[in-house]
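Undergrad: Please see the structure below; I have some questions.
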Amino acid sequence: MISSGILDTRYKVSLSVRQLAFYIYLNVEAGLVTEQKAKRIHQYVISNFSTEETEMISEKSFSNGYYSHRAEDIKKVINILAKMLAIAQEKY
């Protein structure tokens, strides 16, 4: 499916690198992602995701966002999580 163009080689998300890193951080903290080795998580994400900003995420930029959270990035992720919750509540 990748070679035919049906599926991208990377999952493209509508977040910035820092926002994606914070979202992944929350998944780990909440227990959704059970891998505890941050380096393995970082390597997986940078190998399999791209963002609005970049096709290839550097480990350094992802790591910076994973450990250092900016207020504007937190707000964006909160808004997305709130939207997800509203969709779930509406449907179920």
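Undergrad: Return yes when Ser14 is in a loop (DSSP other than H, G, I, E, B) and out of contact with any strand residue (DSSP E or B) (no Cβ under 6 Å at 6 or more places or on another chain) and no when it is not.
TA: yes
Undergrad: Next question. So which residues in the range 64-92 are without any contact (Cβ under 8 Å) to a residue 60 or more places away in the chain and touching a helix residue (DSSP H, G or I) at 6+ places or on another chain (Cβ under 6 Å)?
TA: Gly65, Tyr66, His69, Asp73
Undergrad: Taking the range 33-56, which residues are small (Gly, Ala, Ser) and either touching a helix residue (DSSP H, G or I) at 6+ places or on another chain (Cβ under 7 Å) or in a helix (DSSP H, G or I) (or both)?
TA: Ala38, Ser47
Undergrad: I've got another one for you. Can you name the residue in the range 57-80 that is in a helix (DSSP H, G or I) and β-branched (Val, Ile, Thr) and is also farthest from Tyr25 (Cα to Cα) among such residues?
TA: Ile80
Undergrad: What residue, among those in the range 33-45 that are open to solvent by less than 100 Å² (accessible area, probe 1.4 Å) and more than 15 Å from Phe22 (Cβ to Cβ), is farthest from the chain's Cα centre (by Cα)?
TA: Glu35
Undergrad: Please state which one of Glu55, Glu29, Glu59 is exposed (fewer than 10 other Cβ atoms within 10 Å of the Cβ) and either touching a residue at least 24 places away in the same chain (Cβ under 8 Å) or not β-branched (Val, Ile, Thr) (or both).
TA: So the residue among Glu55, Glu29, Glu59 that is exposed (fewer than 10 other Cβ atoms within 10 Å of the Cβ) and either touching a residue at least 24 places away in the same chain (Cβ under 8 Å) or not β-branched (Val, Ile, Thr) (or both) is Glu29.
Undergrad: For the range 62-92, which residues satisfy the criterion of being surrounded by fewer than 11 Cβ atoms within 10 Å (Cβ to Cβ) and β-branched (Val, Ile, Thr)?
TA: If the condition is that a residue be surrounded by fewer than 11 Cβ atoms within 10 Å (Cβ to Cβ) and β-branched (Val, Ile, Thr), then Ile87 is the only one that fits.
The values are calculated or read from the model by the stated rules, or taken from the named source; none is laboratory data. Here the structure is a predicted model, which means the values were calculated and not measured. So basically every Cβ, Gly included, is an ideal-geometry build from the backbone, and we count neighbours across all protein chains shown. Surface accessibility is based on the protein's heavy atoms, side chains included, excluding ligands, DNA and RNA. Shrake-Rupley method; radii C 1.70, N 1.55, O 1.52, S 1.80 Å.
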